[in-house]
Structures are given as C-alpha cells and as structure tokens.
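To keep things clear, I will list the structure first and then write my remarks on it.
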Amino acid sequence: METPSLSIIVPAYNEAENIPKVIPILANFCSSYEFELIVVNDGSSDDSLQLLTSLQKEHRFIIHHNKVNKGYGGAIKEGIKKASGEFVITVDADGQHQTEDILHLLSKQMKSDADMVVGRRPANSSSIYRTIGKTIIKKILHVLMPIPVKDLNSGMKLYNKQLALAYLPFCPNSMAYSDVITLMFIHNRTLVVEEDIQIANRLHGKSTISTKTAFVTIYELLNTIMLFNPIRIFFPVSVFFFLIGLIWGLPIMLSGLGISVGALLFFILSINFFLIGLLAEQTSQMRKYALTKN
C-alpha cells in the first residue's frame, strides 16, 4: 500500500523556550520522510515568531502566523487549511510527543484504513486532578453517546484532511477542539481507532489547561451533541419529568382524589421536552444532510 502524504501541524503559543529544541527535531524528521511540517504561531507575545523565522533559515518548514491568539483549536484549524497532505497529524510544541509515534499512528492508519487514529496516552500520564476531570467528562459523554475510544482529548491525532475541513466550522477554537473533532468523526460514522503512544514531561513552561478549560470542554461537547444528536439530551429529560409526575401523581390517583396539579405539570413538561426533542432532531437531520453534501 502506498504511504499517504502527511502534514504535521504544531500549534505554538508562547513556546519560545521549547521551540529551539522541538522544531529542529521535527523538521529533520519530516525531511527524512518527506512529510510537511506546519508550525502555527498563535499570536505569541514572546519571541516564538522570531525564533521560528530564524530556524526556518536552516530547516524546511512552513510558518503560519496568527496576528492575535485564536486558541488551541483555532491554531490547528489554520494549520489544516494550509496543509497539502492527504492526512494531518497534530503534535504539541512542548516536547511531550515523540517523533516515532508519528510513524506508529501512520502505520495504524495504513493497516486499518481508518479515517482517524487517536494517540492513546498511558493511563498514568496525567495528574490526579486532571485524571478526575477527564473521567467526569468521559462519563457524561458515555451517557449521551457511545464513544469507541478511551483517550478522547489526546492532543496527538492523525486524521483525513478532507473530512476535517468539512467538520471545522462545527469545532471550537478552544482546547475543546481535540474532543469535538473526535466526536465529529465518530458521529458521522467514520472509522476511528486508537494506537498507544508515549508521553514525555513538558520541557519548559506551564500547561494552560485549567478548571475553566474543563467546564468549557463540557459545554462544547454538550453543544456538539445538541447540534447533531439532540434527542440524546431531550429524551432522558422527558423521561425524567414523566417519572417524577408518575411518582407524584400515582398515589393521589389510587386514593381516589383525581389527578394532582403538580403531576399534571410534570406530564406536560415531559411531553413538551419530547416534542421539542423531535423538532430538534429533524433540524439536526437536515444539518447532517447538508454536511454530507459538502
């Protein structure tokens, strides 16, 4: 099987300490395998752009400069638009990802003919605090829709560029991009698989991921599910209100006192949520039809 063309996208925001060590290694790696390397300087306020421009004199790679900070997802989107490869892979600029894992993900894609390959990090690669946050997000998602991958928000993913371009308008510019782009591939019935990767310690600097990032991610994921599978949210809410009405009103009815006003209110809420869910689902179907046409 012929090796597909590959573009490596590196979003970088205030990574001046890491760029001199990370980018030359990636550039030499890409030159060896004839991969395209695109570094997106996402409106950095430090010397990131100057360092990249200096390194470009010795190494072959493309620099895309965002005049303002667009966010992690926004930077990756710009990189995908610039990419010429059939597939793209995202690699962080902090030195955590290993070049050999790029080959592992590409090999997995060629063997499985997958549309997306998620780099699955070791279970103990995150702090306890972040692990708890990821677990909560994962549990919420598994209730709302089936997820065939374990490491949904891994920053190292390889995927089909043309499919990604169709999904980009629905993906956020925030850190939630990693989760949402994976959901888009899963929801649109494309093949998503995982491959184990290794994670090193961040070379310099501190991660920008915080508690606020977790809440934003949950919001964006719920927004995505509402966009393409709203019945998953409206139907459980409808059933919940129906059961509350039943529990409230059944004893009163059995005692011969008629239908409780409170129970009737819950039944009406249940019917309303169910009907709104049906309307939202029809709108979602039209969106999906338009997406497949594009």
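The values are calculated or read from the model by the stated rules, or taken from the named source; none is laboratory data. Remember, it's a predicted structure, so these values are computed and weren't measured experimentally. Please note: Cβ atoms are built from the backbone with ideal geometry, for glycine as well, and neighbour counts cover all protein chains shown. What goes into the accessible areas is simple: the full protein's heavy atoms, side chains included, and nothing from ligands, DNA or RNA. Shrake-Rupley method; radii C 1.70, N 1.55, O 1.52, S 1.80 Å.
Key figures for this structure:
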| quantity | calculated |
| --- | --- |
| Which numbered condition GLY245 misses (of (1) assigned to a helix (DSSP H, G or I); (2) modelled with pLDDT under 70) | (2) |
| From ILE8, ILE23, ILE38, ILE62, residue being under 26 Å from the mean Cα position of the chain (by Cα), open to solvent by 50 Å² or more (accessible area, probe 1.4 Å), hydrophobic (A, V, I, L, M, F, W, C) and modelled with pLDDT of 95 or more | ILE62 |
| Pairs, first more than 21 Å from VAL68 (Cα to Cα) in region 29-42, second open to solvent by 10 Å² or more (accessible area, probe 1.4 Å) and basic (Lys, Arg), C-beta under 7 Å, six or more apart | SER31/ARG60 |
| Which numbered condition HIS142 misses (of (1) open to solvent by less than 60 Å² (accessible area, probe 1.4 Å); (2) at pLDDT below 90) | (1) |
